[in-house]
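One structure is given below, encoded as structure tokens.
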Amino acid sequence: MANLRLPMLFLLLLSFEKLVLSVDAEKYSRRDFPPDFVFGSGTSAYQYEGAAFEDGRTPSIWDTATHSGNIYRGNGDIACDGYHKYKEDIQLMAETGLEAYRFSISWSRLIPNGRGPVNPKGLEYYNNVINELLKHGIQPYATLTHDDIPQSIEDEYEGWLSRKIVSDFTAFADLCFREFGDRVLFWTTVNEANIFVLGGYDWGAIPPQRCSRPFGIWNCSRGDSSLEPYIAGHNILLAHASAVRLYKKKYQGVQHGSIGINIYTFHFVPFTNATEDVIAAERAKRFFIGWIVDPLVFGDYPEIVKKHAGTRIPAFTEHEREQVKGSFDFIGLNHYMTSYVTDKSSSLERNSSDFFADMAVQMMVGDVHGDTPPGEYPFEPSGLAGILEYFKQFYGNPPIHIHENGQRTQRNTTLNDTGRVKYLHGYIGSVLDALRNGSNTKGYFQWSFLDVFELVDGYESAYGLYYVDLDDKDLKRYPKLSSHWYSNFLKGKTISLDFTLNIEKSTYHFSQ
Ligand code: IFM
């Protein structure tokens, strides 16, 4: 994610006149999307639930990272207090008109030791959430892990760095399928498999904060940025495949749900027409996307990744290859922005490498047009259609769920989040463009329903449709203009640029 404070990702481009950012679908309504296309919004366990030490929950690697004093400001001990306020929030979701809600399950709330005894209070909480959603006609979409594996597992065998996690993750998944699968029909195994690994094992920015010099963004006490991202990525693929295999064998026939994995995607665009930059943008896709998606679709890592990573990337055995290939019903994509790419083949000559040196590109994100308000993402909606087109052409058009898309703003600024409104209008229009071009996209989830504890920025940035007042002892929620806009769209209003730009003047009034 670009909000990681990474020098490489923060080069600002002040002008680039070749960009075409507009989308065709400027005026549309919910009825323009297929009836079985789903619109929702999401949060994740650590970012939303709070109650970190309550009712038997034990720390996850995310708790450890936030309490380490390294990089993080703030923690998710209380977050939005969703553990206690879920009913109120689901009521808000229903009023907004959400058709689906994407949330994640805290493994260490459900199985406090990572494996073994199940916490009845954890079961009760997720059963309550699921039942409350269904009571309001909102489909639950559950993610099994969103950056927060139990700390006990990290302590015992270094979590994703060990193959031991495959059986523990599968047992956790088994419990979730068994207990909740009669009502949860959409399962995602791992959130942002690629960026979680890069952030956690190469840069060391996010849990479990492992890295090594010169690649990490701080002086991590443990890690190996050259090697560990490839190992963790490999084990995630194996654990994912194992959980999917279990689901398909034991549950899918009776529960009739579907299962996939999630990755983070930029739209990669060459910065110039120079052949090297065009090749570099393709290479960026092969690394950033292909590293995780190629094994799922084709059964192996991309040749270029294997060539550049050499022996640092594990090889699939024939048995593993068979398990991983085809182990998904859909691919979940998180997308926020476009990345402009130039060739940096010189990085291949370094004595030591990490994933980015192997990728051999310079990635640039930021205020490309010189018109992005501070702290916000550039408005480049056609990038989303671009990614969907790539999946259509390169991967044979698999079912896609857009699991996260939304605009970042500074927190505590305004409820009048016109930038977010404009962003959602553009990006949802871009999804419609993609559908009209034959994309097999099945759903769109805005990130995030509320202002949650953010991945790196803590409580300093916000993506929510609803503001959470952290100074109020009850953490009162306030609707932003974007919740009003999304609600209008979900309830069937025809959305045009005119409507979007003038929504501030509509009859909506904030009641504070
Ligand atoms: O908040 C995060 C989420 O946890 C993962 N995807 C990106 C979001 C915004 O940074």
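Descriptive notes on the structure:
- Global form of the stretch 292-356, assessed from the alpha-carbon gyration tensor, a/c cut-off 1.5: oblate
- Other-chain or far-sequence residues with amide H under 5 Å of Arg408's (modelled H): Tyr377
- Mean-position separation - Cα centroids, the stretch 147-166 and the stretch 256-330, in angstrom: 24 Å
- Alpha-carbon centroid distance for the pair the stretch 390-437 / the stretch 21-60, whole angstrom: 12 Å
- Accessible surface, per residue, of the chain when the full set of protein chains is kept, probe 1.4 Å, Å²: 35 Å²
- The protection proxy used here, the mean number of other Cβ atoms lying within 10 Å of each residue, ranks peptides 208-216, 230-238, 112-120 as follows, highest first: 230-238, 208-216, 112-120.
- Less than 5 angstrom separates the built amide H of Ser60 from those of Gln151, all sequence-distant by 5 or more or on a different chain.
- With all protein chains in place and a 1.4 Å probe, the accessible surface of the chain carries 52 percent carbon and sulfur.
- In Hz, Karplus ³J(HN,Hα) per residue of the stretch 388-393 (6.51, -1.76, 1.60; θ = phi - 60°; x = Gly, Pro): 5, 5, 4, 5, 5, 7
- When Rg and the Kirkwood Rh are both derived from Cα coordinates, the Rg/Rh ratio for the chain amounts to 0.93.
- All-pairs Cα distance distribution in the stretch 66-164, expressed in whole percent, bin size 5 Å: 2, 11, 17, 21, 18, 14, 10, 5, 2
- Packing rank of 403-409, 326-332, 245-251, where each peptide gets the mean count of other beta carbons within 10 Å, highest leading: 403-409, 326-332, 245-251
- Pairs beyond 30 Å (Cα-Cα), from Lys392/Lys422; Lys121/Lys476; Lys87/Lys491; Lys135/Lys164: Lys135/Lys164
The values are calculated or read from the model by the stated rules, or taken from the named source; none is laboratory data. As the structure is a prediction and not an experimental result, all values here were calculated from the model. Cβ sites come from the backbone with ideal geometry, for glycine too, and all protein chains shown count toward neighbours. Just the protein is used for accessible areas: all its heavy atoms, side chains included, with ligands, DNA and RNA removed. Shrake-Rupley method; radii C 1.70, N 1.55, O 1.52, S 1.80 Å.
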